[in-house]
Amino acid sequence: GVHVTWDEQPAGLAGIKACGDARPEQTIASVKHNGIALKGPTTTPVGGGHTSANVLLRRNLDHYASIRPVKSVPGVPSRSDDVDLVIFRENTEGLYSGIENEVSKGVVLSIKVVTEAATRRIARAAFEFAKKHGRRKVTVCHKANIMKLGDGFFIEIVKDIAQHYPEIEYDEAIIDALCMRLVRDPTEFD
C-alpha cells in the first residue's frame with residue numbers, strides 16, 4: 001500500500017544507448033538526490049566493450065562494501081540446513097580497480113590495488129556488523145600465500161582492526177581452502 005514514485009535512470013548498455021555513457025551523470029545525480037536506488041542487472045560485455053556500470057556506480061557512489069547474507073531457508077532442501085553467514089567484500093579496490101594495460105603483444109597486466117584506508121574501512125564494516133548482530137566470528141579470506149605483499153598487507157591491517165573487537169573471534173583462510181570448507185560445512189562460518 002506504499003505509493004512509490006519511480007525515477008527511472010539508465011546505466012550500462014541502456015546508458016550507452018541513451019546518452020553514450022555506461023554511468024550517466026543524471027543517474028548518479030538521481031541516486032544522490034533520492035538517497036536510494038533499486039538497480040536491476042546491467043549488461044556488461046565479457047572480454048571487451050565498455051567498463052562495467054556496476055563498478056562505475058560503486059566508484060562514483062563510494063559503495064565500497066558488497067554485503068551478501070547466506071542463509072538456509074526452512075523447507076528448502078539443501079546439503080546444510082543451518083547456514084547463516086554474511087560475506088563482506090571490498091568493492092572498489094583489488095582487481096575491481098580496473099587498472100589494466102597491454103604491456104606488449106600477447107602480454108596483459110592487471111593490477112590489484114590494496115590500500116590501508118579501504119582495508120580499514122571494510123574490516124571495520126565487517127566487525128561492526130558482527131558486533132551489532134551478535135555474530136561470534138570474522139574469517140578473513142585471502143591469497144597471501146601467493147600475493148605476499150598485497151594480501152599480506154591486507155591481513156596485517158585487518159588483524160589491527162580485530163584487536164579492537166576482542167569479543168569477536170578472528171580467523172583467516174586462504175581462498176582455495178575457504179571454498180572447500182564452505183562446500184564441506186558452511187555452518188562453521190559466521
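No lab work stands behind these numbers, since they all come straight from the coordinates. Since the model is a prediction, treat every value here as computed from it, not as a measurement. All Cβ positions, even for glycine, are placed from backbone atoms using ideal geometry, and neighbour counts span all protein chains on display.
In whole percent, what relative contact order does region 9-129 give with Cα contacts below 8 Å and a gap of six or more residues? About 17 percent, as a whole number. What separates the Cα centres of region 27-42 and region 124-174 is a distance of 31 Å.
Hydrodynamic estimate: the Kirkwood radius of region 66-175 over Cα pairs, inserted into Stokes-Einstein at 25 °C and 0.890 mPa s, corresponds to D of 155 µm²/s. List the lysines whose Cα lies under 24 Å from the Cα of residue 143, skipping any in the same chain that are fewer than 8 positions away. By straight Cα distance, residue 143 reaches 112, 159. In order along region 5-16, the Karplus-derived 3J(HN,Hα) couplings, from 6.51 cos²θ - 1.76 cosθ + 1.60 at θ = phi - 60°, round to 9, 7, 10, 6, 9, x, 8, x, 4, 4, x, 5 Hz, and Gly and Pro are given as x.
Considering only 95, 189, 154, the residue lying farthest towards the positive end of the dipole of the chain is 95, judged by Cα position with unit charges set on Cβ. Taking the square roots of 5 times each eigenvalue of the Cα gyration tensor of region 32-90, largest first, gives ellipsoid semi-axes of 30, 17, 12 Å. Pair-distance distribution of the chain: all C-alpha pairs, bin width 5 Å, starting at 0; shares per bin in whole percent are 1, 7, 12, 15, 15, 15, 14, 12, 7, 2, 0, 0. Computed per residue of the chain from DSSP H runs no shorter than four, each worth -39500 (n - 2.57), the mean residue ellipticity at 222 nm is -10500 deg cm²/dmol. Label region 128-190 by shape, choosing from rounded, prolate and oblate, from the square roots a ≥ b ≥ c of the eigenvalues of the Cα gyration tensor; if a/c is under 1.5 it is rounded, and otherwise prolate applies when a/b is larger than b/c, oblate when it is not. Cα axes put region 128-190 in the oblate bin. Residues whose amide H comes within less than 5 Å of that of residue 140, counting only those at least five positions distant or on another chain, are 171, 172, 173 (H built at 1.01 Å from N in the peptide plane).
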